[in-house]
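A.B. asks: Just passing along the structure, written as structure tokens.
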Amino acid sequence: MNRIPSILFPAGLALLCAGGLFMLLGLTPRPQAAQALPDNHPPLPDNYTGAALVPSTLADFFAPGTQPGHVTDTITAPFICSHCHSNYSEKVPQPAEYEPWTGWQGSMMAQAGRDPVFYAALDIAMADAQFSGEFCLRCHLPRAWLEGRIVSGTLAVDPMENPIDLEGVQCEVCHRMSDPTPDESNDPRDLYVLTATITTTIPISDGNATMVFDPEDYRRGPFDVVGDIGFNPHEINGAETIQSRYHQESAFCGTCHDISNPLLSWNEISQTYALNPLGQPFTDTSKMFPIERTFSEWRLSQYNTPEGVYAPEFGGNKTYVVTCQDCHMRDVTGVGGSYFGDPNGMPVREDMPLHDLTGANTWVPQIIPLHPVFSATFQAEPARVEALNLGIERARYMLQNAAVVTAVHSTDTNELTVRVTNNSGHKLPTGYVEGRRMWLQVEGYDAEGNLVYTSGAYDPATGDLTLDADIQVYESKHGLTPDLAAQLGLPSGESFHFALNNIIVKDNRIPPRGFDYAAFATVGAEPRTNGQPDPTRYADGQYWDEVVYALPEGVVYGRVRLLYQTSSKEYIEFLRDNNPNVGNPNNNGQILYSLWEATGRSTPEVMGIVSFGEQSLVYLPVVMRNP
């Protein structure tokens, strides 16, 4: 059966693995369609030609805001920005990663267009729901999408001819975004963009990549750049540099960090999420199936208050943090740019946002430079590998500060009580849920030093996590209801079919400070157990979890570790075994699996470690097998 081809077509990958450096990505024309769409929306295919399980159309993935082809000024390549935003720190002096270019290029935002996990998942999503790549690529390849190079859900231009598209969430994608909410305190240009360039009448809400983008090269940021240095260093054809409050608001990040599936919406009759009628836009995100809710988790937390939360470990020069940017672009003291290598006259800021955009991913940055296609970028620019390594270290720092682990051992009952406290501004863990997990690993030793109890054993030689009777894994698992599974011809229950899942089977991730069950339920972010909302899992205000272990007789001391893993073995094997390009050894699923095997199988990171009992333990590697 011929399914929708991968964004990395098999023929191109075969040639690349043989030493070539191009991909066979053909331009597919869009036939005119007779469907009623918003003004100036790109025309849609009028017939179904694929073999996807759901014959969805481009209209089903429509989102309001700026549309493809509406950009009149080309989005500037990031390396142009590097002329003034890199290679000047030695003259200041300051750490090189304070430079916006250097910090950004080591981030997963910069690698959103090169993420091998994403492309393996996209292959399956396109085979599950036709044109679903139109939905995913808005956030992962926004430059290509805005400039009209995403056709029928795939990148339609050879990235070897236009490699800039692969730079992911790049400089001007962020710095030309405009506030989608009218506000008299905004620059008048923002109102012009909303009223004169947005042709859709559908209201714009947070999330689902509903970005409003300035079609001309008017760049925005949080500072009055012209007032600071006396001239406009970004001037192109007379365009001004605009000071934007929006760039300091969490709603800016919510554009791509609150994601709902537009194919599925809540059905009051069946009391389940069901497929929408196909061929027409469905834009009410409040009714769509919730995929990710990081922005909403923050919005409903104590962090989203005027005083914020005391967290100097995240805020840099700030002791209290409020917005996403306060933690993920923390304030440092430094110079944000030079004038073609000369930093003289540039202001030294104590509130300069570090452009690291750090999250929790320490594994994918390791595999991108080894990828048969994407490695070319890093071979040509070795400094970018070092930037990735610095990004990995920053992600480890975030993980090690995201939680506090304590353990109390009762010698009377031989019970061990472990508490994990969430110090982040969202659920722990948060974001993309497939394969992502955090768990407790407990070791108990007798007086002679023999290991007599283990929970959460992990074997790095195979990637297997032992699911013992006591194990505590924090994760969200999605799946398919029996009715939808039967309709699609797939098994019901837990599933990695990202584009089709219609039920949250489990969500026991630890909520942030300020958690309120009723509020989280309004956005589909409530805890769930066995497929049902669970108001008893966490009490209102609870941002920690406690687990009690009944240790066997003889345990006198031990150790507890909190571990985090970007991608589980089960998820990586699913992406390999379900790739639609069956029989091609160079499909994206197989490439990912080979990279996974070559780089430690997404080695778990130690978020926290604590000893208990009569002896203190030295640190040992994360290698555990059942005794």
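A.B. asks: Would you mind checking which residues have amide H under 5 Å from Arg437's amide H? H placed 1.01 Å from N; only 5 or more apart, or other chain.
C.D. replies: Gln565
A.B. asks: How would you rank Arg537, Arg149, going from fewest to most other Cβ atoms within 10 Å of each one's own Cβ?
C.D. replies: Arg537, Arg149
A.B. asks: List, in order, the whole-Hz ³J(HN,Hα) value for each residue of the stretch 270-283 obtained from phi through the Karplus relation with A = 6.51, B = -1.76, C = 1.60 and θ = phi - 60°; use x for Gly and Pro.
C.D. replies: Values, residue by residue: 8, 6, 9, 7, 10, 4, 6, x, 8, x, 8, x, 10, 10 Hz.
A.B. asks: Once the dipole of the chain is set up with Lys and Arg at +1 and Asp and Glu at -1 on Cβ about the Cα centre, which of Thr406, Val193, Gly444 lies farthest towards its positive end?
C.D. replies: Gly444
A.B. asks: Along the stretch 331-339, what does the Karplus equation 6.51 cos²θ - 1.76 cosθ + 1.60 (θ = phi - 60°) give for ³J(HN,Hα), rounded to whole Hz, x for Gly and Pro?
C.D. replies: Values per residue, Gly and Pro as x: 6, 10, 9, x, 10, x, x, 10, 9 Hz.
A.B. asks: Karplus couplings for the stretch 413-423 from phi (6.51 cos²θ - 1.76 cosθ + 1.60, θ = phi - 60°), rounded to Hz, Gly and Pro as x?
C.D. replies: Per-residue couplings from phi come out as 9, 6, 9, 10, 9, 10, 10, 10, 9, 7, 9 Hz.
A.B. asks: Only counting other Cβ atoms within 10 Å, I'd like Lys91, Lys569, Lys427 sorted with the fewest neighbours first.
C.D. replies: Lys91, Lys569, Lys427
A.B. asks: Kindly provide the Kirkwood hydrodynamic radius of the stretch 197-272 in Å, to one decimal, from all pairs of distinct alpha carbon atoms.
C.D. replies: 15.5
A.B. asks: Moving on to the next point. Taking neighbour Cβ counts within 10 Å as the exposure measure, how do Met398, Met160 sort from fewest upward?
C.D. replies: Met160, Met398
A.B. asks: Would you mind finding the longest exposed-site-free stretch of the chain, with exposed GluC sites (Glu not before Pro) meaning DSSP loop and at most 12 other Cβ atoms within 10 Å?
C.D. replies: 1-160
A.B. asks: Any idea what % of Cα-Cα pairs in the chain are farther than 35 Å?
C.D. replies: Considering the chain, 41 percent of its Cα-Cα pairs are separated by more than 35 Å.
A.B. asks: Shifting gears a bit: For the stretch 402-479, what is Rg from Cα atoms divided by 2.2 N^0.38 Å, rounded to two decimals?
C.D. replies: This ratio for the stretch 402-479 stands at 1.30.
A.B. asks: Give, rounded to the nearest 20 debye, the magnitude of the charge dipole that the chain has about its Cα centre when Lys and Arg contribute +1 at Cβ and Asp and Glu contribute -1 at Cβ.
C.D. replies: Taking the Cα centre of the chain as origin, the dipole is about 780 debye.
A.B. asks: Among DSSP beta bridges lying fully in the chain, give the percent that are antiparallel, nearest 5.
C.D. replies: Around 95 percent of the beta bridges assigned by DSSP in the chain are antiparallel ones.
A.B. asks: Continuing with the same structure: With contacts defined as alpha carbon pairs under 8 Å and 6 or more residues apart, what's the relative contact order of the chain in percent?
C.D. replies: About 15 percent, as a whole number.
A.B. asks: Which pairs break 29 Å Cα to Cα here: Lys427/Lys569; Lys287/Lys427; Lys318/Lys506; Lys287/Lys318?
C.D. replies: From Lys427/Lys569; Lys287/Lys427; Lys318/Lys506; Lys287/Lys318, over 29 Å: Lys318/Lys506; Lys287/Lys318.
A.B. asks: Follow-up question, since we're still on this one. Long-range amide H contacts for Asp464: which residues qualify at under 5 Å (H placed 1.01 Å from N, peptide plane, sequence gap of 5 or more or a different chain)?
C.D. replies: Excluding prolines and chain starts, which carry no amide H, the hits are Asp459.
Every read-out reported here was derived from the displayed coordinates using simple, explicitly stated rules and does not represent laboratory data. Just so it is clear, the structure is predicted and the values come from calculations on it, not from any experiment. Every residue, glycine among them, receives a Cβ derived from its backbone with ideal geometry; neighbour counts consider all protein chains shown.
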